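Have a look at the structure below before the remarks.
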Amino acid sequence: MPLFWLLAALLIFTTLLCVAWPFLPRLARTNTLSEPPPKRILILLLIALPGLAIGLYLHWGSGKQWSLYYQQQKNSQVIDSTLQQFGSPQQVIEKLEAQLQTRPDAKGWYLLGRLYMSQSLFPQAVAAFANANELKPNDPQTILQYAEAQFLAQHSLSIQAKALIEKVLAQQPDNTEAANILAIAAYQQGDYQQAIDRWEQLLTRFPAQSEDGKKLLEAIARAQAGLKEMPQLAAKIQIPVRVKLAKELLKQLNPDDTVFIYAQAATGPKMPLAIIRKQVKDLPLTVTLDETMAMIPGMTLDKFNPIHLVARVSKSGQAQPQPGDWLGTSPTIDTANIPANLQIVINNRNSSVSKN
């Protein structure tokens, strides 16, 4: 931060000097009122140029990233000042817990969650951020901390946590913290290619020689090594399916809307056993689902029978089903006797969401 403002001040001073230089000799020899007063011009420049420089920076110079950085710094400063005022983290936690029992508010629960996180009390942090999110829903910073706490508490990313992070990215596409959590989760689940793709996208936002850039390059190298070591699995079950939209939906949906095509157990857990992500503009198309496309190891097509297939258009882009999504489903399928020419037509509006 001080370096940024020092450089900004230097830039403004240099700009002022360059603009003012032609006027300096004239200012030295000006004795009459008949000549235009260059001093006034210099004063106007002195006032206008800093404002112009700041305005140009905010307009063209990564304004969104600056806002996110400022918000994160502000949250850290709140915690630091609170600790200085009340003492040890445990003392602050106890006082906040007592206060929130009688006067609950979103900011208090959020601060308590951050304090729990600082002490590695991740399950308690999950509960605190859940309360903050309930009192102040759709706040990106609260959602992100809530999802991150779940990730750290469970050592994996649940469907709920992933949906929350995707919600943050829908509101803040430049949120590097949210994108990085999804990359780490993909790496831990052995989906090295997805981790590489996400980290390479993040790398475009940081100079390769910066500290963050070097860390991203190291993470990409680890994921590439993991990808090379993975055995090429021979798919035991392959289910080709043709997916298309009903004619009446062709003009209603955005070509960039997300389409999830996946298999689910006919009875039991609703976690997708195999999933492919496409877009409306890709339809109609034929895809093949197999057990290498599982979201979680062990939850694969060869472990459940019977199953059914689902194709769902998600305007939010979230993996978690939402009311208002358009979908189509297949009949129940026996994986030991997969029918030929399977087809799904997306033509039904999802009015409710079943919980996983």
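The amide H of I346, built 1.01 Å from its N in the peptide plane, has K244, L245, A246 as neighbours under 5 Å, considering only residues 5 or more places off or on other chains.
When each of the peptides 323-333, 205-215 is scored by how many other beta carbons lie within 10 Å of its residues on average, the order from highest to lowest is 323-333, 205-215.
Multiply the residue gap between T329 and T267 by 0.36 nm, knock off their C-alpha separation, and tell me the result in nm, one decimal place.
20.9 nm
Strictly over 25 Å apart at the Cα level, which of K236/K270; K167/K303; K136/K251; K107/K215 would you flag in this model? Walk me through the numbers on the way to the answer.
Working: K236/K270 21 Å; K167/K303 31 Å; K136/K251 36 Å; K107/K215 32 Å.
Flagged as over cut-off: K167/K303; K136/K251; K107/K215.
Annotation: aspartates and glutamates with alpha-carbon distance below 15 angstrom to K162 (same-chain offsets under eight excluded): E148, E177, D191.
What is region 238-349 by shape, rounded, prolate or oblate, if you read a ≥ b ≥ c off the alpha carbon gyration tensor as root eigenvalues and call it rounded for a/c under 1.5, prolate for a/b larger than b/c, and oblate otherwise? Write down the numbers at each step before the final one.
Details: a/c = 1.93, a/b = 1.53, b/c = 1.27.
Verdict is prolate for region 238-349.
With a simple spin-label model that places each label point 7 Å from the Cα along the Cα-to-Cβ direction, the separation between N138 and D212 comes to 2.7 nm.
The numbers here are math on the coordinates, done by the rules we state, and not lab data. The structure presented is a predicted model; accordingly, all values stated were derived computationally and were not measured. Reconstructed Cβ throughout: ideal geometry from the backbone, glycine too, with neighbour counts over all protein chains shown.
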